[in-house]
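Chemist: Once you've had a glance at the structure underneath, I'll fire off some questions.
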Amino acid sequence: MKLKILVGTVTGTALSVAQAVQLHCAELLQVVDVVPMDSLDISVFDAAKTEETLYLICTATCGTGDVPDNARALYDSLDSQPQYLGHVRYGVMALGDSSYPDTFCFGGKKFDERLQDLGAQRIGDLWCHDASNSTTPEAQGAEWAHQWLTAALASAPAS
C-alpha cells in the first residue's frame, strides 16, 4: 500500500502541510508521495495506476471558494472526462479561512463532492483548517493524517 498526496496550493501552505504529513506518516507506509496537482488530470486515478494506492487531497481554497490554479486542470477533468472511480479510496484535507463563511474550505469540499459523484470512496471525515485561528496547519494536519491513515490501513480490503 502507498499514499499519494495530491496538492493544490496558492501560497505554499498546502504543500507544507503535505510535506509534514509525509514525514509524520513515514512509519506507517514505505511510500508516501507528495505530488503537486500541476498538469494532472483524471488519469492520475486510472485503475492500473491506483492499485494499492490511497489518495489524500490536500488543497487550499482561493478566490470565492475555488480550487487553486494549479489544481484547476485536475478538478475540471473530473467533470469534462468523467469515469467511474469506484476503485479510488481517498481522504481530504481542506485549508480555508472561516472569515469567509459561505466558502470556507470549498477547495477541498469541491474535490470531495466531485470524487464522490464519480463513485470514489472517501475514508473518514474531511479535515478543515481555519487560517483565521492561531494554530499551525502543519502540526494539526500531520496528526489528523496519521490517525486517518491508521484507520484507512485498518479498513483496507485484503489483497
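The values are calculated or read from the model by the stated rules, or taken from the named source; none is laboratory data. Bear in mind that the values here come from a model prediction, so they are computed numbers and not experimental data. Methodologically, a virtual Cβ is constructed for each residue, glycine included, from the backbone with ideal geometry; neighbour enumeration extends over all protein chains shown.
Chemist: Among the residues of segment 55-74, is there at least one that is among the aliphatic types (A, V, I, L, M), at pLDDT 95 or above, surrounded by 18 or more Cβ atoms within 10 Å (Cβ to Cβ) and in a strand (DSSP E or B)?
Modeler: Checked segment 55-74: at least one residue is among the aliphatic types (A, V, I, L, M), at pLDDT 95 or above, surrounded by 18 or more Cβ atoms within 10 Å (Cβ to Cβ) and in a strand (DSSP E or B).
Chemist: Being outside any strand (DSSP E or B) and under 11 Å from the mean Cα position of the chain (by Cα): is that true of ALA14 here?
Modeler: When the stated conditions are applied, ALA14 passes them.
Chemist: Please go through segment 34-54 and give me each residue that is in contact with a helix residue (DSSP H, G or I) (Cβ under 7 Å, 6 or more places away or on another chain), closer than 18 Å to ALA152 by Cβ and crowded, with 20+ Cβ neighbours inside 10 Å, ordered by number.
Modeler: Correct list: LEU54 only.
Chemist: Has segment 26-37 got at least one residue that is in contact (Cβ under 8 Å) with a residue 12 or more places away in the chain, within 21 Å of GLN147 (Cα to Cα) and not aliphatic (A, V, I, L, M)?
Modeler: Looking for residues that are in contact (Cβ under 8 Å) with a residue 12 or more places away in the chain, within 21 Å of GLN147 (Cα to Cα) and not aliphatic (A, V, I, L, M), one finds at least one in segment 26-37, hence yes.
Chemist: Just for segment 5-33: of the residues that are surrounded by fewer than 19 Cβ atoms within 10 Å (Cβ to Cβ) and over 18 Å from THR136 (Cα atoms), which one is modelled with the lowest pLDDT?
Modeler: GLN30
Chemist: Continuing with the same structure: Among the listed residues SER132, SER98, which satisfies the condition of being outside any strand (DSSP E or B) and out of contact with any strand residue (DSSP E or B) (no Cβ under 7 Å at 6 or more places or on another chain)?
Modeler: Every option except SER132 fails the conditions.
Chemist: If you don't mind, there's one more thing I want to ask. So which of ASP46, ASP97 is more than 13 Å from the chain's Cα centre (by Cα) and under 19 Å from ALA139 (Cα atoms)?
Modeler: Exactly one residue qualifies, and that residue is ASP97.
Chemist: Here are the criteria: (1) surrounded by fewer than 18 Cβ atoms within 10 Å (Cβ to Cβ); (2) under 19 Å from ARG122 (Cβ atoms); (3) touching a strand residue (DSSP E or B) at 6+ places or on another chain (Cβ under 8 Å); (4) not charged (D, E, K, R). Tell me which single one GLN83 does not satisfy.
Modeler: With (1) surrounded by fewer than 18 Cβ atoms within 10 Å (Cβ to Cβ); (2) under 19 Å from ARG122 (Cβ atoms); (3) touching a strand residue (DSSP E or B) at 6+ places or on another chain (Cβ under 8 Å); (4) not charged (D, E, K, R) applied to GLN83, the lone miss is (3).
Chemist: Now for a different question. Among the listed residues LEU126, LEU78, which satisfies the condition of being over 21 Å from ALA154 (Cα atoms) and either touching a Cys at 6+ places or on another chain (Cβ under 6 Å) or of a type outside the set (S, T, N, Q) (or both)?
Modeler: LEU78
Chemist: A follow-up question, please. Taking segment 100-127 as the region of interest, how many residues are crowded, with 20+ Cβ neighbours inside 10 Å and small (Gly, Ala, Ser)?
Modeler: So the answer is 3.
Chemist: Which of (1) assigned to a helix (DSSP H, G or I); (2) more than 24 Å from GLY63 (Cβ to Cβ) is the odd one out, the single condition ASP112 does not satisfy?
Modeler: (2)
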